[in-house]
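Encoded as structure tokens, the structure appears first; notes follow it.
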Amino acid sequence: MREETVQYFTESDDEFTNLLIQIGTKKNVARVLVFVANTEETTAKDIERGTDLRQPEVSLAMKSLLQMGWVKSRDNPTSHRGRPEKIYQLAKPLTEIMEMIEKKKKDEIRKRMVRFKKLEQLID
């Protein structure tokens, strides 16, 4: 029998996740990002266990993170039949990811302000 350790969210991880959600990050994406950020490398199964998300939820969140370039993956060929297991890790430092989120949110605010100014002009 093999022994495994399972990582779980701490209170700090939950707070970080909740803040990401409050600024507009999708819940499952935020949970997966925080989990991956706290590991050197991990598998989808580990993410499922540690975040209490189902496989399809982890897959969708991981797809988003891979598309944004925040996470990278590699195949881990196994000795048994079937698909190779994917190993995930952050592709960029968490500080850089946070800077990207901040820039995106600032751009969204600027665009909203432009629309608001247009509305004001229409009223005058």
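The values are calculated or read from the model by the stated rules, or taken from the named source; none is laboratory data. Please read all numbers here as calculations on a predicted model, not as lab measurements. Don't worry about glycine lacking a Cβ; one is built from the backbone with ideal geometry, like all the others, and counts go over all protein chains shown.
Table: residues versus (1) part of a helix (DSSP H, G or I); (2) farther than 26 Å from Y8 by Cβ.
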site	(1), (2)
E48	yes, no
L53	no, no
L60	yes, no
L66	yes, no
K104	yes, yes
R112	yes, yes
R115	yes, yes
- Note on the structure: Filtering the range 19-68 for residues that are among the polar types (S, T, N, Q), within 19 Å of M98 (Cβ to Cβ) and surrounded by 14 or more Cβ atoms within 10 Å (Cβ to Cβ) leaves a count of 5
- Note on the structure: Of A44, A30, the only residue that is at pLDDT 95 or above, within 22 Å of F16 (Cβ to Cβ), of a type in the set (G, A, S) and in the same structural domain as Q7 (by TED's automatic domain parsing) is A30
- So which pairs qualify, if the first residue must be in the range 78-106 and outside the structural domain of M68 (by TED's automatic domain parsing) and under 18 Å from V29 (Cα atoms), the second must be hydrophobic (A, V, I, L, M, F, W, C) and at pLDDT below 95, the Cβ gap must be under 6 Å, and the two must be at least 6 apart or on different chains? none
